[in-house]
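The values are calculated or read from the model by the stated rules, or taken from the named source; none is laboratory data. Computed from a predicted structure; not experimentally measured. Note that we place each Cβ from the backbone using ideal geometry, even for glycine, and neighbour counts take in every protein chain shown.
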Amino acid sequence: MGSHDFLWYLAVLSFRSLGLACLTWLALGVCRVKSASVKHAAWTVVTTVMLLQVVASSALPSVSLKVLAPVPDAGPTLTPQLALPPIPVQASNLHGRHFAVAWDQLVMGIYAMVAFALLVQLAFGYLYARRMVRNSKLLELPGVRESSLISVPVTVGQIAPTILLPTGWREWDSAKLQAVLSHEDAHIRRADWAIGVMARINCCVFWFHPLAWWLKRELALLAEYACDDSVMAQMGDRRQYARALLEIACAMKSAQGRFMRNAVSMAKGTNVEKRMQQILDDTRTIPVAFSRRGWVTLLVCSLPVGYFASVVQLAPAQTRTVISVPDRAATDQPVQVAQARPAAPQQILAQAAPAPEANPTQKRPDEVVFIISDEERIAFKSLTSDEERRKFIAEARLRQILETPYQKWLNEEVVYLISEDERRAFMRFTTDDERQQFIEQFWLRRDPTPGTPENEFKEEHYRRIAWANDNFSAAIPGWQTDRGLIYIKYGPPGAVKSVAATPTYPIENWYYRYVEALGTPGEFQFVDPTMTGRYHLTKDPTEKNR
């Protein structure tokens, strides 16, 4: 995956995450969720999906959501009947190379540096927290230690969690000590430390996305709200707990100890005031903590939503085009085009007799329905005469008839062999018997040993298609790639010279001693500028240095 593809991939993931966050916000609002633990669980799922989709989106099959405006296909890189001249490699181009940094490479470098710096910061913070735990003093209370480097109680770790108390904890009364330990124990039960680390890793990956930073702050705030509710449900005395929280906040503000970002703290200056208001609000009912059964229900309900958010892709919507055309026996009448709703399938209605006042979108018994693409619809609208439109309709009818294995034979199996005259002749047939007879004659004309059961040319041709699909596929079938085109038309090269990816893009030079179709020796050069294995034929030997 090249830098441009990776940046586009990150942009798609960012919009998917934003859409999932909007759906979650809307669901919480519609359901009027007030519980901090429920909100925390919901935003935890959003953060998890946002982080996991970096790997899952490329591995899972995509789902197309047809909402975009229809656009015509740009077509393949090379036309099937394009005559490909030999491409010489000029030795002079190998000297005096210039290195130009593209904008996508520059942006990719900036992204990588910022992400790496944030990851290093996170790693150092974790190592500092572990060193602080090792240097702390073990107390009689299980899982509780004392550290002189902190001013407020914090929790470190998830698998072997440790509650660190400041050195002045012995001056606290029993009620304050109970409130502090209950609060930190609630953080451990809720796995808030692990969720906080995950949110910080998500910020390292999506550091450019405001949603990642908002999720980190919101999860930290909701975790404190949920732990406050848990402690108040145990203690019952709101004012006593509010007094303990206020004393912890004052100690943090006045102390000189270092505050740990990689730990879960009981009090932070940015949220104490709002927490105090909720704690002292006697009219507010303390919600029940989010149980394991609630987590299971949330995960089951969020799995399909998370999967859809990870694999959805916006695709062009189809439009419905209705074309009414008189039959050949009818008098000449202007061809009418009616545009219907964009969500309907695209159809052409060819009517046998003109009916100017009839609704063109209503099918009558004397009409024939067939499908056209958006590109064909645009081409039809550009026609100026009725004769051109009738010819277009006739060809479209034949294309619909060919929506059978015959179309696959025509547009895939022999697309690089069949001539324009043979293609036009094949399109004029109206029955399968005629088409089958044509196919038999098509291969017979190319059989080097007529009269024998084997057709060596046909067997070699299909062998080349299979080999191209097995070796050249890269997001598209191998026969559609440029290397597949050359291999199917001219056979295996006499020699292949590959050049590594440094300092240039990967390139391959194919050498043929003699190409019968060209009448000369052949040399073809393929470049992989996206670094994804999708080589394309280039007529500009300098492209590999760009």
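A compact table of results
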read-out: Residue check, Leu122 surrounded by fewer than 17 Cβ atoms within 10 Å (Cβ to Cβ) and under 37 Å from the mean Cα position of the chain (by Cα); value: no
read-out: In region 173-183, residue surrounded by the most Cβ atoms within 10 Å (Cβ to Cβ) [restricted to those that are more than 10 Å from Asp228 (Cα to Cα) and in contact (Cβ under 8 Å) with a residue 40 or more places away in the chain]; value: Val180
read-out: Matching option when the condition is modelled with pLDDT under 90, in a helix (DSSP H, G or I) and either in the same structural domain as Thr532 (by TED's automatic domain parsing) or aliphatic (A, V, I, L, M) (or both), among Val46, Val54; value: Val54
read-out: Selection status of Trp207, assigned to a helix (DSSP H, G or I) and over 18 Å from Pro287 (Cβ atoms); value: no
read-out: Test: residue in region 92-102 that is modelled with pLDDT of 60 or more and on the phi < 0 side of the Ramachandran plot; value: yes
read-out: The one condition in (1) surrounded by 12 or more Cβ atoms within 10 Å (Cβ to Cβ); (2) out of contact with any Asp or Glu (no Cβ under 7 Å at 6 or more places or on another chain) that Phe457 fails to fulfil; value: (2)
read-out: Strands (runs of 3 or more DSSP E) fully within region 131-172 counting 2 or more residues that are of a type in the set (D, E, K, R); value: 144-147
read-out: Residue tally, condition more than 15 Å from Trp193 (Cβ to Cβ), of a type outside the set (A, V, I, L, M) and surrounded by fewer than 16 Cβ atoms within 10 Å (Cβ to Cβ), over region 125-157; value: 7
read-out: Region 423-446, subset in contact with a Lys or Arg (Cβ under 9 Å, 6 or more places away or on another chain) and of a type in the set (Phe, Trp, Tyr), residue farthest from Glu459 (Cα to Cα); value: Phe429
read-out: So Ala212, is it in a helix (DSSP H, G or I), surrounded by fewer than 17 Cβ atoms within 10 Å (Cβ to Cβ) and out of contact with any Ser or Thr (no Cβ under 7 Å at 6 or more places or on another chain); value: no
read-out: From the options Val120, Val156, residue that is in the same structural domain as Cys250 (by TED's automatic domain parsing), within 28 Å of Trp207 (Cβ to Cβ) and in contact (Cβ under 8 Å) with a residue 40 or more places away in the chain; value: Val156
read-out: Residues being in contact (Cβ under 8 Å) with a residue 60 or more places away in the chain and surrounded by fewer than 19 Cβ atoms within 10 Å (Cβ to Cβ) - total across region 19-34; value: 3
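Conditions tested, residue by residue: (1) within 41 Å of the chain's Cα centre (by Cα); (2) surrounded by 15 or more Cβ atoms within 10 Å (Cβ to Cβ); (3) at pLDDT 85 or above; (4) in a helix (DSSP H, G or I).
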position	(1), (2), (3), (4)
Pro360	yes, yes, no, no
Lys363	yes, no, no, no
Arg389	yes, yes, no, yes
Ile393	yes, yes, no, yes
Tyr416	yes, yes, yes, no
Glu440	no, no, yes, yes
Thr449	no, no, yes, no
